[in-house]
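All remarks here apply to the structure that follows.
The values are calculated or read from the model by the stated rules, or taken from the named source; none is laboratory data. Since the model is a prediction, treat every value here as computed from it, not as a measurement. Reconstructed Cβ throughout: ideal geometry from the backbone, glycine too, with neighbour counts over all protein chains shown. The protein model used for the area step is the full one, side chains on, heavy atoms only, and it has no ligands, DNA or RNA in it. Shrake-Rupley method; radii C 1.70, N 1.55, O 1.52, S 1.80 Å.
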Amino acid sequence: MPLVLFDLDGTLVDSAPDLCASLNRIRRSENLAPLPYNVLREYAGSGARGLLKIGFDITDQDPRFPELKERFLSDYQNHCAEKVCCFDGIEQTLEEIEQAGWQWGVVTNKFSNFTVPIMKKLGLYDRACVIISGDETGKLKPHPDNMLVALNKMRALPQETPYVGDDIRDSKVAQTLGMPFAAATWGYLRQDFPIDEWHTHLVAHHPQELIGWLKVLPAK
């Protein structure tokens, strides 16, 4: 069966509400006012490093970074599946992919202690044929190792396996392995990574656009 792989945050699921709420809880514990959701949202796909940078104006070289990161991730683990939801059109798109005889899976930098409860909450866990989280090899995208684990598990060739993501790191790992790549613009696109500079085969503005794209890819 043909296979399509997806990033998770900003591509399949909108995890920004829970991520931003966790950051603001840590800010409140430091007697800082909460930051507006629209300010934090575009950093939701940047992980703890990006959110702590905007939330506390620190980098991972700051002496306080490890402690704040630990507190943030601990809080997020307790709340990661509260408000998370699939983006509009994702459910229908996945159903059409399955009905067309495709398998689909996830390769994400998010660690499994967050990935698993989120996918179970949204009813995606048992539908995905493969789920590779960031802690699978300890090497995050754009490093190709986690993607290679997914491809090897499914006995899939990279040039025949499209990948869909919303971050330049997704584009880079697909380019490294020669995978067809679709950029999802409905996610957390950062202004400092202009999408027209990415290596893409499709710039999709709605999940349904993926269906037509998959239909015209070379037959497996």
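Find the residue count for the stretch 63-93, including only residues that are at negative phi and either without any contact (Cβ under 8 Å) to a residue 40 or more places away in the chain or assigned to a loop (DSSP other than H, G, I, E, B) (or both).
Here the count works out to 19.
Kindly check whether there is at least one residue in the stretch 195-202 that is surrounded by 15 or more Cβ atoms within 10 Å (Cβ to Cβ), under 17 Å from Asn109 (Cα atoms), of a type in the set (Phe, Trp, Tyr) and in contact (Cβ under 8 Å) with a residue 12 or more places away in the chain.
no
Looking at (1) out of contact with any Lys or Arg (no Cβ under 6 Å at 6 or more places or on another chain); (2) modelled with pLDDT under 95; (3) not small (Gly, Ala, Ser), which is the only condition His143 fails?
Failing condition for His143: (2).
What residue, among those in the stretch 104-122 that are buried (at least 22 other Cβ atoms within 10 Å of the Cβ) and farther than 20 Å from Pro207 by Cβ, is modelled with the highest pLDDT?
Here the answer is Phe114.
For residues that are of a type in the set (A, V, I, L, M, F, W, C) and part of a loop (DSSP other than H, G, I, E, B), scanning just the stretch 123-154, find the one that is surrounded by the most Cβ atoms within 10 Å (Cβ to Cβ).
Leu124
Can you pull out every residue in the stretch 1-37 that is open to solvent by 30 Å² or more (accessible area, probe 1.4 Å) and within 16 Å of the chain's Cα centre (by Cα)?
Listed by number, the list holds a single entry, Pro17.
For Gly212, indicate whether it is open to solvent by 30 Å² or more (accessible area, probe 1.4 Å) and on the phi > 0 side of the Ramachandran plot.
When the stated conditions are applied, Gly212 does not pass them.
Looking for something modelled with pLDDT of 95 or more, part of a strand (DSSP E or B), open to solvent by less than 20 Å² (accessible area, probe 1.4 Å) and not small (Gly, Ala, Ser) - is there at least one such residue anywhere in the stretch 170-193?
There is at least one residue in the stretch 170-193 that is modelled with pLDDT of 95 or more, part of a strand (DSSP E or B), open to solvent by less than 20 Å² (accessible area, probe 1.4 Å) and not small (Gly, Ala, Ser).
Identify, from the list Ile118, Ile132, the residue that is under 16 Å from the mean Cα position of the chain (by Cα), of a type in the set (Val, Ile, Thr) and farther than 18 Å from Cys86 by Cα.
Ile132
I'd like the full set of residues that are open to solvent by 20 Å² or more (accessible area, probe 1.4 Å) and farther than 14 Å from Ser112 by Cα, limited to the stretch 68-86.
If the condition is that a residue be open to solvent by 20 Å² or more (accessible area, probe 1.4 Å) and farther than 14 Å from Ser112 by Cα, then Lys69, Glu70, Arg71, Asp75, His79, Glu82, Lys83, Cys85, Cys86 are the ones that fit.
Among the residues of the stretch 38-58, write down those that are on the phi < 0 side of the Ramachandran plot, open to solvent by 60 Å² or more (accessible area, probe 1.4 Å) and at pLDDT 95 or above.
Hit for the stretch 38-58 is Lys53, nothing else.
Has the stretch 152-163 got any residue that is in contact (Cβ under 8 Å) with a residue 24 or more places away in the chain, in contact with an Asp or Glu (Cβ under 9 Å, 6 or more places away or on another chain) and among the hydrophobic types (A, V, I, L, M, F, W, C)?
The answer is no, given that none of the residues of the stretch 152-163 is in contact (Cβ under 8 Å) with a residue 24 or more places away in the chain, in contact with an Asp or Glu (Cβ under 9 Å, 6 or more places away or on another chain) and among the hydrophobic types (A, V, I, L, M, F, W, C).
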